[in-house]
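Novice: Sharing a structure here in structure tokens format.
The values are calculated or read from the model by the stated rules, or taken from the named source; none is laboratory data. Computed from a predicted structure; not experimentally measured. In this analysis, Cβ positions are derived from the backbone assuming ideal geometry, glycine residues included, and neighbour counts consider all displayed protein chains. Side chains are part of the model used for accessible areas, which takes the heavy atoms of the whole protein and leaves out ligands, DNA and RNA. Shrake-Rupley method; radii C 1.70, N 1.55, O 1.52, S 1.80 Å.
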Number of protein chains: 2
Amino acid sequence: MKTILILGAGLSSSSLIRYLLEHSAEHDWQLRIVDQDIDLVKQKIDGHVNGVALSFNALDHDERKPEIEKADLVISMLPARFHVEVALDCINLKTNLITPSYISEDMRNLDQAAKDAGIVIMNEIGVDPGIDHMSAMKIIHEIQEKGGKLTSFKSFTGGLIAPESDNNPWNYKFTWNPRNVILAGQGGASCFIRNGEYKYIPYHRLFNRLDYMSIEGYGEFVGYANRDSLSYRTTYGIEEIPTIFRGTLRRPGYCEAWNVFIELGMTDDTYEMVQPKITPRKFLNSFLPYNTDKTIEVKFREFLGKEREHLYDRFEWLGLFDGDNLIGLDDASPAQYLQAILEKKLTLDQDDKDMIVMMHEFEYKWQNQQHKITSHMVNIGEDQTYTSMSNTVGLPAAICAKMILTGTLNSVGVTLPIYKEIYQPILRELEEYHIRFIEKEFSPSISGQ
Amino acid sequence: MKTILILGAGLSSSSLIRYLLEHSAEHDWQLRIVDQDIDLVKQKIDGHVNGVALSFNALDHDERKPEIEKADLVISMLPARFHVEVALDCINLKTNLITPSYISEDMRNLDQAAKDAGIVIMNEIGVDPGIDHMSAMKIIHEIQEKGGKLTSFKSFTGGLIAPESDNNPWNYKFTWNPRNVILAGQGGASCFIRNGEYKYIPYHRLFNRLDYMSIEGYGEFVGYANRDSLSYRTTYGIEEIPTIFRGTLRRPGYCEAWNVFIELGMTDDTYEMVQPKITPRKFLNSFLPYNTDKTIEVKFREFLGKEREHLYDRFEWLGLFDGDNLIGLDDASPAQYLQAILEKKLTLDQDDKDMIVMMHEFEYKWQNQQHKITSHMVNIGEDQTYTSMSNTVGLPAAICAKMILTGTLNSVGVTLPIYKEIYQPILRELEEYHIRFIEKEFSPSISGQ
């Protein structure tokens with residue numbers, strides 16, 4: 001019998017736990033699952049005989065150590081900043097480790113120690129990062145294997161609302177941590193490279209520099225630039241590529257409207273607003289010029305200008321002009337007030353489903369001709385436990401766990417799912433779960449930027 | 001004989017040193033002046049018999065201690081962050097201290113210790129802060145003394161180029177530290193209060209929300225908001241005032257054009273640009289959308305838009321489209337590149353003079369009527385040693401030094417020049433040096449915001 005220790009039983013662990021429990025009888029696994037909230041763990045295990053619910057502080061070295069000692073594999077779903085500590089324990093106790101999070105510099109530095117311990121520490125094996133790496137590397141390797149030379153790589157991912165639940169003028173609901181949505185793109189300029197020209201977009205213009213694309217059966221999307229596109233050149237071994245761009249997908253109109261919040265200063269999280277007990281209307285007026293001759297509605301219309309007039313209704317629908325009801329926060333940052341306003345309107349209804357969309361575009365030279373491949377994936381969540389986010393984050397990690405425990409994945413060290421022996425079986429099995437990429441040659445679909 | 005120790009003999013110390021040397025015979029003072037650069041000190045002393053040039057590291061406690069011990073008064077012209085250390089020495093050695101810099105929280109906390117030592121630590125006694133406090137408090141006190149109630153206070157200061165040296169399309173030259181000009185307004189939203197409404201302006205819109213004013217004989221000016229207006233309510237004892245605004249003055253057109261740099265992302269100092277050996281043209285293009293069908297000139301014109309078309313020539317004049325000459329920096333931040341580009345064009349010519357402009361506007365209720373007072377000061381520098389900046393920073397500190405040493409200023413503790421017994425004699429003597437406020441009642445001159 002093999003033992004799997006899962007640290008954290010939150011939303012993103014649901015599909016991971018379900019997969020591993022479903023395969024536990026076949027492979028003789030015991031799942032030991034820890035969370036501060038034991039009820040949450042029990043709910044996820046749902047009485048399965050191979051699941052053991054534990055409750056202790058997984059951030060405490062002394063508490064988690066005896067459990068890691070018992071395990072053949074640890075899957076850390078803790079916040080990313082705790083992974084290195086867990087990795088050190090795993091190295092000491094010679095236990096394999098999987099995390100879905102971005103590899104940190106400190107984690108990378110453990111590579112030799114992990115190799116010496118004979119263990120694998122697999123990182124970035126969720127959806128983004130994770131499925132993006134795997135689906136992109138599959139095509140990059142195919143192009144390279146036939147002797148093609150990659151000249152452009154663009155890649156977009158979005159966590160959105162499923163079409164059947166899409167019933168508001170923003171075509172958006174919070175399907176994940178709202179705070180991350182409010183702060184998206186902050187912390188520096190977004191940098192990419194286009195035909196050899198380096199491009200930098202400051203935060204306050206980020207949601208106005210867009211790529212447009214459509215996906216058959218799913219309609220139109222727009223993409224705004226992620227902060228870091230350049231580091232993928234090294235990760236994917238395509239250092240010389242003249243065009244690389246990574247972005248986030250939204251529905252048309254969302255980004256232009258979001259940029260209005262940014263331009264007004266409403267997404268700023270660096271200071272507390274002074275005035276107490278404010279309504280959305282007062283909040284809005286704090287960012288508009290003083291003018292007693294004009295209503296707030298008129299000042300806001302002037303701020304939008306002619307070109308963005310059509311966006312006005314979105315803001316009205318959000319209740320931004322409401323002067324009767326308090327937001328219900330005090331001494332908060334603009335970003336916190338904005339989040340509270342949006343959460344009243346953009347939260348999922350009980351039967352709503354989420355959707356993950358991923359879209360890659362590759363251009364390459366082969367036999368003296370320019371070729372183009374697009375590859376996209378659309379996945380809809382099952383319900384609000386087994387969301388698309390949970391499935392796409394959890395299943396790659398779960399399949400990877402199976403590969404490690406059954407001996408079909410034998411690499412050691414700190415690694416990523418960018419190698420064929422890792423991504424091929426995972427991508428294949430993901431198709432059984434409706435996480436499937438559709439590849440097309442020559443499809444002309446991304447323009448702009 | 002009394003001994004004055006001056007720490008730092010840089011640009012801002014010139015007028016301070018000249019005044020004190022000129023008055024040294026009359027009052028029997030010896031000036032001991034320290035700088036790392038002894039030649040600079042000698043140059044400033046210019047052979048005067050009461051000046052002693054010293055060269056040691058004034059930041060080193062052990063090196064400066066024996067000099068502070070000898071002194072009756074220390075004037076610290078060191079960077080602001082070193083003042084508290086010097087203040088601690090002064091408290092221990094019971095020596096009075098003057099600094100022109102903003103009072104820090106740590107400095108404020110030394111108040112009781114300074115009182116116990118029986119010394120005065122006078123802060124914020126330069127131009128801004130300094131002359132602004134004194135000239136504003138004079139009128140605030142006058143209004144209060146006759147029973148008026150202050151309802152609005154707006155105050156603007158600018159370090160500019162004198163009209164006779166104003167010969168470029170920006171109507172601006174660097175008369176002070178260029179880096180501070182490039183980074184002006186960064187680090188958070190600007191906050192003020194207008195008729196009871198709190199207003200926040202994010203950095204990327206700061207130079208587009210302007211107040212317009214004119215000064216007889218000197219033409220038109222515009223003011224953009226300083227980051228902090230609100231704290232002056234406490235400093236000036238006007239906590240309940242419904243309108244308070246502090247701003248920085250520029251010539252018309254400067255701010256609108258400067259906002260273009262901000263919107264493009266060129267003033268960002270938080271990251272290094274990746275590409276090596278870039279020209280101004282390449283620098284500009286890094287912030288413009290990729291489009292091989294359009295020249296950089298066309299893309300920039302489109303970025304400006306119709307409304308700002310008239311600003312185009314300013315950017316051309318700066319050499320922003322120059323694709324032949326390297327900027328001459330590598331691995332620099334956008335702000336550093338921009339500074340290097342601007343320094344080629346906006347630097348003072350040998351005979352150029354600078355100008356300090358200050359403008360206050362007060363509104364108050366008295367005998368059931370609204371009244372308005374404006375007070376402004378324009379001062380032109382003598383040359384590039386005795387600049388207006390040096391005169392307006394150094395003379396208030398110098399006059400204050402005289403008051404302390406001659407016993408006409410007897411307060412103790414950590415203080416500011418906001419009390420009548422301090423500002424009255426200083427403002428009076430400043431007039432002899434052409435630093436003179438012109439007050440007007442009812443002049444309607446500030447609108448907008």
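Novice: So with the 1.4 Å probe, I'd like the accessible area per residue for segment A:1-43, rounded to whole Å².
Specialist: Per-residue accessible area for segment A:1-43 comes out at 40 Å².
Novice: Could you give the nm distance between label points at B:E439 and A:D293, where each point is 7 Å from its Cα heading toward the beta carbon?
Specialist: The two pseudo-label positions are separated by 3.2 nm.
Novice: Which FRET efficiency, nearest 0.05, do A:R428 and A:L348 yield, Cβ-Cβ r, R0 30 Å?
Specialist: Efficiency, from the Cβ-Cβ distance: 0.45.
Novice: At a probe radius of 1.4 Å, figure out the A/B buried accessible area, summed over both chains, and give it in Å² to the nearest 100.
Specialist: Roughly 2800 Å² of accessible surface disappears when A and B pair.
Novice: Can I ask one more? Could you please report the charge total around B:Y386, scoring K, R as +1 and D, E as -1 over all other residues with beta-carbon less than 13 angstrom from its beta-carbon?
Specialist: -2
Novice: Can you list the HN-Hα couplings for segment B:241-249, worked out from phi with the Karplus curve (6.51, -1.76, 1.60; θ = phi - 60°), rounded to whole Hz and with x for Gly and Pro?
Specialist: 4, x, 9, 9, 8, 10, x, 10, 8
Novice: Right, next: For chain A, what's the relative contact order in percent, using C-alpha pairs closer than 8 Å and at least 6 residues apart?
Specialist: RCO, chain A: 21 percent.
Novice: Under 14 Å from the 7 Å Cα→Cβ point of B:K2, by amide nitrogen: which residues of segment B:82-116?
Specialist: B:95-98
Novice: Same structure again: Rounded to the nearest Å, what's the spacing between the alpha carbon centres of segment B:279-298 and segment B:166-226? Just the number, please.
Specialist: Each part reduced to its Cα centre gives a spacing of 28 Å.
Novice: For A:I6, what residues show an amide H to amide H distance below 5 Å, using hydrogens built from the backbone and excluding near sequence neighbours?
Specialist: Amide H to amide H, under 5 Å and 5 or more residues apart or across chains, A:I6 pairs with A:R32, A:I33, A:V34, A:I75.
Novice: Right, something else. Which entries in the list A:K199/B:K306; B:K173/B:K372; B:K42/B:K420; A:K294/B:K365; A:K94/A:K146 go over 28 Å, if you measure between the two C-alpha atoms of each?
Specialist: Too far apart for the 28 Å limit: B:K173/B:K372; B:K42/B:K420; A:K94/A:K146.
Novice: Follow-up question, since we're still on this one. Along Cα→Cβ at 7 Å, what distances in nm separate the B:R233 label point from those on the other copies, shortest first?
Specialist: Counterpart label points of B:R233 in the remaining copies fall at 5.1 nm.
Novice: Non-local amide H neighbours of B:G413 (under 5 Å, H modeled in plane, Pro and chain starts lacking H): which ones?
Specialist: For B:G413, the qualifying residues are B:K115, B:I119, B:V120, B:I121.
Novice: Still on this model: Please list 3J(HN,Hα) in residue order for segment B:104-117, calculated via the Karplus relation 6.51 cos²θ - 1.76 cosθ + 1.60 where θ = phi - 60°; whole Hz, with x for glycine and proline.
Specialist: Calculated HN-Hα couplings, in order: 9, 4, 4, 5, 4, 5, 8, 3, 5, 4, 5, 5, 4, 7 Hz.
Novice: What nm distances, shortest first, do you get from the label point of B:E145 to those in the other copies when the point sits 7 angstrom along Cα to Cβ?
Specialist: Those label-point separations list as 9.1 nm.
Novice: Scan around A:Y236 for amide H atoms under 5 Å from its own, H built in the peptide plane at 1.01 Å from N, and keep only partners 5 or more places away or cross-chain.
Specialist: Here the answer is none, since no amide H 5 or more places off falls under 5 Å of that of A:Y236.
Novice: Run down the aspartates and glutamates and flag those whose C-alpha is under 18 Å from the C-alpha of A:K353, throwing out any fewer than 8 positions away in its chain.
Specialist: A:K353 reaches A:E164, A:D166, A:E343, A:E382, A:D383.
Novice: Now, a different point. Cα to Cα, under 14 Å, and not fewer than 8 places away if on the same chain: which aspartates and glutamates meet these conditions relative to B:K2?
Specialist: Excluding near neighbours in sequence, the set is B:E26, B:D28, B:E67, B:E69, B:D72.
Novice: With θ taken as phi - 60° and the coefficients 6.51, -1.76 and 1.60, list the Karplus ³J(HN,Hα) couplings across segment A:325-333 in order, rounded to whole Hz; mark glycine and proline as x.
Specialist: Coupling constants for segment A:325-333: 10, 5, 5, x, 10, 9, 6, 9, 6 Hz.
Novice: Label points 7 Å out from Cα along the Cβ direction at A:Q144 and A:K115: separation in nm?
Specialist: So the two model labels end up 1.8 nm from each other.
Novice: Here is a further query. Which residue of chain B is nearest the rotation axis onto chain A, counting by its Cβ, and what is the distance in whole Å?
Specialist: Minimum Cβ distance to the axis, with residue: B:H204, 2.
Novice: Find every distance from the label point of A:D62 to the corresponding label point in the other copies (7 Å from Cα along Cα→Cβ) and write them in nm, one decimal, shortest first.
Specialist: 4.4
Novice: Moving to a separate point now. In debye, nearest 20: dipole of segment B:231-275 around its Cα centre with unit charges on the Cβ of K, R (+) and D, E (-)?
Specialist: 300 debye
Novice: For segment B:1-125, calculate the relative contact order in percent as a whole number, restricting contacts to Cα pairs under 8 Å that are 6 or more residues apart.
Specialist: Across segment B:1-125, relative contact order equals 23 percent.
Novice: Share of chain B's accessible area from carbon and sulfur, percent, 1.4 Å?
Specialist: Summing carbon and sulfur atoms, their accessible area is 46 percent of the total for chain B.
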